Amino acid sequence: MSRGRAAAAVGLAVISAGLAAAAAALIAFYPPPSTFAALYPPDNEHVRPGRFAAPACNGVQCRLCPWNCFLPEGARGRCKVRINHGGKIKTLVYSQAAAVHVDPIEKKPVYHMYPGSLVYSLAAPGCNLSCKGCQNWELSQLYPEQAPERVRVPSELALKFAPDGRPYGELRTEEVSGLSPADIVRYAKATRSRAVAYTYSEPAVFYEYMYDTARLAHENGLKNVLVSAGYINPKPLAELLPYLDVVKIDLKGFSEEFYRGYTGGRLEPVKLALLELKKNRVLTEAVNLVIPGLNDSEPDFEALAAWVRTNLGAETPLFFSRFSPNYLLTEAPPTPLATLEKARAIALKNGLKFVYTGNAPGQGGEDTLCPKCGRALVRRHGYAVLEDRLTPTGGRCPWDGARIPGIWK
Ligand code: SF4
């Protein structure tokens with residue numbers, strides 16, 4: 001065979017392989033309507049109308065998050081949990097809690113609301129980002145049809161007394177095949193939780209389920225905690241805000257390059273979400289997972305801290321959290337403690353008043369300090385609160401009266 005013909009044959013083979021890969025990706029991403037019908041019969045209780053959609057040529061556009069996915073009939077969005085079915089957007093995960101726990105609020109981590117309280121915490125499958133080091137990838141990367149039919153949920157926290165008279169809690173559980181907003185509120189109260197947290201995966205993509213639950217929780221005297229990457233469009237976020245009490249935003253890094261390479265998404269929409277929270281005066285805490293070699297340079301920390309200080313305010317609690325190897329980054333090392341300390345020092349130097357280190361118990365970055373006198377107001381170790389001087393005073397330093405932002409009563 002001549003050199004020219006050989007080169008042409010190789011070229012053809014490469015093009016054919018490329019086309020086959022593209023077709024496989026298309027089929028995986030846009031399953032035909034029959035696939036939907038097989039997986040989700042009309043009486044599937046988890047399939048409900050989805051909000052924030054606009055008609056588009058031969059399909060619909062989902063406008064819940066910055067991807068604004070265009071979905072032809074039968075196609076599924078990047079989040080895996082929203083689909084065009086019959087020309088309408090449907091959520092596939094209403095009432096489909098895939099993980100439910102009663103957690104200490106410090107585990108979210110949220111430090112400026114009800115220290116030491118319990119939070120009824122739940123996740124449905126799906127996420128609109130694809131972070132390479134996701135710490136909850138078993139949930140976030142799950143397709144709804146892969147989630148177990150039944151899930152064990154905390155149903156009651158019974159108060160018991162040890163032989164020496166000390167009280168302790170005994171957590172009871174039940175197995176359920178769906179968890180409605182009314183169930184969540186009932187179980188949250190029975191487990192002595194003071195709030196419901198939408199967490200672990202990405203709550204933005206189970207918006208309708210979260211929205212209905214948050215409304216009902218408020219009506220029943222519970223607070224709501226959203227733990228999110230902030231990858232949500234301004235309009236859906238604004239409609240949710242009246243029902244949120246504290247929002248924890250995972251600010252994954254501070255460059256577009258990092259966001260695109262590590263999360264698949266963009267930084268700018270996350271900044272917009274944070275500004276929307278600030279504009280609406282929602283108590284907001286930010287956390288940055290520090291990954292060695294990826295987002296741990298001094299300029300990264302400087303840029304992030306300066307932006308938070310300028311745009312969200314010096315009183316915004318900011319956490320630098322320790323990374324553990326996970327998902328696609330099993331080879332990356334855990335974050336050195338010295339790096340977390342450096343990040344914290346940079347943020348404090350930039351004028352932030354409440355800077356914490358996370359996933360590093362006993363390293364000295366867990367306490368809430370009075371920005372005026374420097375004394376410890378809430379002392380913590382891991383998820384345990386050792387001392388709380390703020391709840392009795394309603395959020396004021398008992399020594400100098402400084403007001404500490406948060407929800408304390
Ligand atoms: S929520 Fe985002 S990722 Fe999911 S379908 Fe809508 S626009 Fe796409």
Within the range 113-139, considering residues that are touching a Phe, Trp or Tyr at 6+ places or on another chain (Cβ under 8 Å) and small (Gly, Ala, Ser), the one nearest to PRO317 (Cα to Cα) = SER121
Only one of ALA305, ALA360 is modelled with pLDDT under 95, among the hydrophobic types (A, V, I, L, M, F, W, C) and either buried (at least 21 other Cβ atoms within 10 Å of the Cβ) or more than 29 Å from GLU276 (Cα to Cα) (or both); which?
-> ALA360
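Out of LEU289, LEU244, LEU237, LEU283, which single residue is surrounded by 23 or more Cβ atoms within 10 Å (Cβ to Cβ), of a type outside the set (Val, Ile, Thr) and within 25 Å of THR213 (Cβ to Cβ)? Don't jump to the end; show me each part of the working.
Details: LEU289 fails: within 25 Å of THR213 (Cβ to Cβ); LEU244 fails: surrounded by 23 or more Cβ atoms within 10 Å (Cβ to Cβ); LEU283 fails: surrounded by 23 or more Cβ atoms within 10 Å (Cβ to Cβ).
Going through LEU289, LEU244, LEU237, LEU283 in turn, just one is surrounded by 23 or more Cβ atoms within 10 Å (Cβ to Cβ), of a type outside the set (Val, Ile, Thr) and within 25 Å of THR213 (Cβ to Cβ): LEU237.
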The range 78-94, subset without any contact (Cβ under 8 Å) to a residue 40 or more places away in the chain and surrounded by fewer than 24 Cβ atoms within 10 Å (Cβ to Cβ), residue nearest to the ligand (Cβ to nearest atom) = LYS88
Would it be correct to say that ASN58 is surrounded by fewer than 18 Cβ atoms within 10 Å (Cβ to Cβ), at pLDDT below 95 and either among the acidic types (Asp, Glu) or not assigned by TED's automatic domain parsing to the domain that holds MET210 (or both)?
-> yes
Where residues in the range 95-136 are farther than 29 Å from GLU174 by Cβ and among the polar types (S, T, N, Q), which of them is nearest to the ligand (Cβ to nearest atom)?
-> ASN128
For the range 94-200, please list each of the strands (runs of 3 or more DSSP E) lying entirely inside it that holds at least 1 residues being closer than 25 Å to PRO334 by Cβ and among the charged types (D, E, K, R).
-> 99-104
Please indicate, with yes or no, whether at least one residue in the range 62-70 is under 23 Å from TRP137 (Cβ atoms), more than 14 Å from the ligand (Cβ to nearest atom) and either crowded, with 18+ Cβ neighbours inside 10 Å or modelled with pLDDT under 95 (or both).
-> no
Restricted to the range 208-237, and to residues that are more than 25 Å from LEU118 (Cβ to Cβ) and in a helix (DSSP H, G or I), which residue is nearest to the ligand (Cβ to nearest atom)?
-> PRO236
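The values are calculated or read from the model by the stated rules, or taken from the named source; none is laboratory data. Computed from a predicted structure; not experimentally measured. Backbone-built Cβ (ideal geometry, glycine too); neighbour counts: all protein chains shown.
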